[in-house]
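Engineer: Could you have a look at this structure, given as C-alpha cells, before my questions?
The values are calculated or read from the model by the stated rules, or taken from the named source; none is laboratory data. The shown structure was predicted, so the numbers you read here are calculated from the model rather than taken from an experiment. Quick reminder, even Gly has a Cβ in these numbers, built from the backbone with ideal geometry, and neighbours come from all protein chains shown.
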Amino acid sequence: MIGKLIVFEGVEGGGKTTQIQLLRNWLLDKCQLGKFLSKSLDLEVVVTREPGGTKVGKILRELLLNADVSGEQIQARAELLLYAADRAHHIDALIKPSLERGAIVLCDRFIDSTIAYQGYGRGLDLKLIQELNHIATGGLTSDLTFWLDIDVEIGLNRVKNRGKIDRIEQTNIEFHQRVKTGYEELAKNNSLMVRIDAHLTVEKIQEQIQEIMRKKLLEW
Ligand code: Z5A
C-alpha cells in the first residue's frame, strides 16, 4: 500500500482530535484490518496536526494561537503567511517522508482550514490563498477529508467546557459562522470531502468513519 493522507476538518469542537485517536487505534488493530483485507499488514499510522505538527511548527502554533503580543493583533496577511510557513515545513519535514514510507497520515486540519478561516473568516482573497496553499504543499492534496460538521455554538461550547480558549476561539460568533460557510462551499466542489454529522455521539461518528475507511482501504 502506498501512503495516504487523510485530513480532518471543521469548525472548533467538532471532535476531530477525538476521532483521529479512535481511528488511529482502529487502524493499528491489525486483526480488524486483516478481516477485510484478508492479509496481515505492517501498517504505520502517523498522527499530526496543523499548525504544530513539527518542532518548528510548535513554535509557530504558540505564536499563532497563544502568544501574548501585548495587545498588538497579528494582522490577517501575516497570520496567513505563518500558517503557510508551518505547512511548508510540515510537508517537507514530516508528511512527505511519512507518505514515502507508505504510512497512513492522519492530519488534524490542512489546506481547507486556510480557505475557511483566512478566506471566508478573515475575508482574504481566495485566489491568493489557493496559490499560497499550492506553494506551501508543492501540490500535495489529501486522499480523503472528513469534514466534521457541527453547529458553531455547540462546537464552541464544547471547547469552552474543556477549559482555556485560544485567540481564534475568542473571535466573535459571526467569524465562526463564516468559517462554517467556507466548509459548506468547499464540500460542494470536492468529492473527496465527506461530511459527517458531528452532533452524533462519539461512537456513532467513529462507526461512520470506519465504514468509509473500510471501503477506501479496499479501493486503494
Ligand atoms: N487555523 C487557521 O486559522 N488556519 C489554518 O490554516 C489552520 C488552522 C491549519 C487550530 O486550533 C486553530 O488554527 C483553529 C483554526 C486555526 N482555530 N482555533 N482555535 P486547534 O487545533 O487547537 O483547534 P481545533 O482544530 O479547532 O481543535 P479543537 O478545538 O480541539 O476541537 P476538535 O479537535 O474538533 O474537538 P475535540 O478536541 O476532539 O473535542 C472537543 C471537546 O468536545 C472535548 O471535550 C471532547 O471530549 C468533546 N467531544 C468530542 N466529540 C464529541 C461528541 N461527539 N459529542 C460530545 N462531545 C464531544
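Engineer: Which residues, counting only those in segment 163-187, are more than 15 Å from Leu148 (Cα to Cα) and modelled with pLDDT of 90 or more?
Structural biologist: Matches in segment 163-187: Ile173, Glu174, Phe175, Arg178.
Engineer: Can you tell me which residue among Ile168, Ile154, Ile104 is under 30 Å from Arg214 (Cβ atoms), among the hydrophobic types (A, V, I, L, M, F, W, C) and within 9 Å of the ligand (Cβ to nearest atom)?
Structural biologist: On the way: Ile168 fails: under 30 Å from Arg214 (Cβ atoms); Ile104 fails: within 9 Å of the ligand (Cβ to nearest atom).
Sole residue among the options that is under 30 Å from Arg214 (Cβ atoms), among the hydrophobic types (A, V, I, L, M, F, W, C) and within 9 Å of the ligand (Cβ to nearest atom): Ile154.
Engineer: Run down Gly57, Gly119 and say which single residue is within 12 Å of the ligand (Cβ to nearest atom), in contact with a His (Cβ under 9 Å, 6 or more places away or on another chain) and either within 21 Å of Tyr183 (Cβ to Cβ) or not hydroxyl-bearing (Ser, Thr, Tyr) (or both).
Structural biologist: Gly57
Engineer: Taking the condition of being at pLDDT 90 or above, more than 16 Å from the ligand (Cβ to nearest atom) and not in a loop (DSSP other than H, G, I, E, B), how many residues in segment 29-50 meet it?
Structural biologist: The qualifying residues number 2.
Engineer: Further question: Say we look at segment 51-101 and pick out the residues that are among the β-branched types (Val, Ile, Thr) and assigned to a loop (DSSP other than H, G, I, E, B); which of these is farthest from Thr17 (Cα to Cα)? Before the answer, list the steps.
Structural biologist: So in segment 51-101, the residues among the β-branched types (Val, Ile, Thr) come out as 54, 56, 59, 69, 74, 91, 95.
Going one step further and asking which of them are assigned to a loop (DSSP other than H, G, I, E, B), we end up with 54, 69, 74.
Working: Thr54: 17, Val69: 28, Ile74: 26 Å.
So the residue we want is Val69.
Engineer: Out of segment 133-149, which residues are surrounded by 15 or more Cβ atoms within 10 Å (Cβ to Cβ) and either near the ligand (Cβ under 10 Å from one of its atoms) or free of Cβ contacts under 8 Å to residues at least 12 places away in the same chain (or both)?
Structural biologist: If the condition is that a residue be surrounded by 15 or more Cβ atoms within 10 Å (Cβ to Cβ) and either near the ligand (Cβ under 10 Å from one of its atoms) or free of Cβ contacts under 8 Å to residues at least 12 places away in the same chain (or both), then Asn133, Ala136, Leu148 are the ones that fit.
Engineer: Looking at (1) more than 9 Å from the ligand (Cβ to nearest atom); (2) over 15 Å from Phe110 (Cβ atoms), find the lone condition where Leu65 falls short.
Structural biologist: The number of the failed condition is (1).
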